[in-house]
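Asker: One structure follows; several queries about it will come next.
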Amino acid sequence: MPGIRETRVLPYSCEQMFDLVADVARYKEFLPWVVATRVRSDSETEMTADMVVGFKNLRESFTSKVSKQRPEMIDVQYIDGPLKDLDNRWYFEALPGGGCKVDFSVDFTFKNRVFEALAGQYFDRAFRKMVTAFEDRAMQLYGSSNSSAHSVA
């Protein structure tokens, strides 16, 4: 299963970043390619949600189960859609001087191996664009800070 991981240090609290990531209903407002979302059920610890992604005339729908441990972790498990498997995890770690470290990983498997090979070439760029969209949304919601966000290799 191909995967990708990104770690960022951001000037926002774990709670702020957790709230932003857990607000699936608003993804269509800021995430590229997200056309629609529907939260089927939601509680403090678990959510089931549908997301429609699209590019030009192509549209696909995904259903996921989201496990939440506020404010440290969000774990998304794929239930149904065009892929064979899709899992992603968000970890939020408070930093001593303020802000937090955000660790985001995605693992996926397409049903069709040929499509997986083709799409895999573009997935890295798309993934990084989505991570940047979350960062931009955080700045829009919470403002900027004296400390700047940066990637951690």
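Asker: Based on Cα positions only, what radius of gyration and what Dmax would you give for region 1-43, in angstroms?
Answerer: So, for region 1-43, Rg and Dmax equal 13.0, 32 Å respectively.
Asker: Calculate one ³J(HN,Hα) per residue across region 131-136 by plugging θ = phi - 60° into the Karplus curve 6.51 cos²θ - 1.76 cosθ + 1.60, and present them in order as whole Hz with x for glycine and proline.
Answerer: 4, 5, 5, 5, 4, 4
Asker: Per residue, what volume in Å³ does the convex hull of the Cα atoms of the chain enclose?
Answerer: 108 Å³
Asker: Would you work out which of A133, Y122, S64 lies farthest towards the positive end of the dipole of the chain? Charges go on Cβ: Lys and Arg +1, Asp and Glu -1.
Answerer: The one lying farthest along the dipole's positive direction is Y122.
Asker: Limiting things to C-alpha atoms, what are the Rg and the maximum Cα-Cα separation (Dmax) for region 17-82, in angstroms?
Answerer: 11.9, 37
Asker: Tell me the mean residue ellipticity at 222 nm calculated for the chain from its helices only (DSSP H runs of n ≥ 4, each -39500 (n - 2.57), averaged over every residue, nearest 500).
Answerer: -8500 deg cm²/dmol
Asker: Looking at region 11-80, which trypsin sites (Lys or Arg not before Pro) are DSSP coil and have at most 13 other C-beta atoms within 10 Å of their C-beta?
Answerer: K56
Asker: Please check which bits of region 12-43 a label hung off A126 would reach, taking the label as a point 7 Å along Cα-to-C-beta and the cut-off as backbone N under 18 Å.
Answerer: 27-37
Asker: Something else about it: Over the chain, average the accessible area per residue using a 1.4 Å probe and give it in Å², no decimals.
Answerer: The answer is 58 Å² per residue.
Asker: Output the relative contact order of region 11-71, whole-number percent, from Cα pairs under 8 angstrom with separation of 6+ residues.
Answerer: 27 percent
Asker: Then there is this: How big is the charge dipole of the chain about its Cα centre, in debye rounded to the nearest 20, if each Lys and Arg gets +1 on its Cβ and each Asp and Glu gets -1 on its Cβ?
Answerer: Dipole of the chain, to the nearest 20 debye: 520 debye.
Asker: Sticking with this structure for a sec: Per the 1.4 Å probe, what fraction of the accessible area of the chain, in percent, lies on carbon and sulfur atoms?
Answerer: 51 percent
Asker: To continue, here is another question. Which whole-number percentage describes the relative contact order of the chain, with Cα contacts under 8 Å and a sequence gap of 6 or more? Don't skip to the end; give the middle numbers.
Answerer: Working: 295 pairs, mean separation 46.9, N = 153.
Answer for the chain is 31 percent.
Asker: For region 24-99, state which GluC sites (Glu not before Pro) are in a DSSP loop and have at most 11 other beta carbons lying within 10 Å of their beta carbon.
Answerer: Details: sites: E29, E44, E46, E60, E72, E93; in loops: E44, E72.
Loop-located and lightly packed - E44.
The values are calculated or read from the model by the stated rules, or taken from the named source; none is laboratory data. All values derive from a computational prediction rather than experimental measurement. As a convention, Cβ positions derive from the backbone with ideal geometry for all residues, glycine included, and neighbour counts pool all protein chains shown. Accessible surface areas use protein heavy atoms only, side chains included; no ligands, DNA or RNA. Shrake-Rupley method; radii C 1.70, N 1.55, O 1.52, S 1.80 Å.
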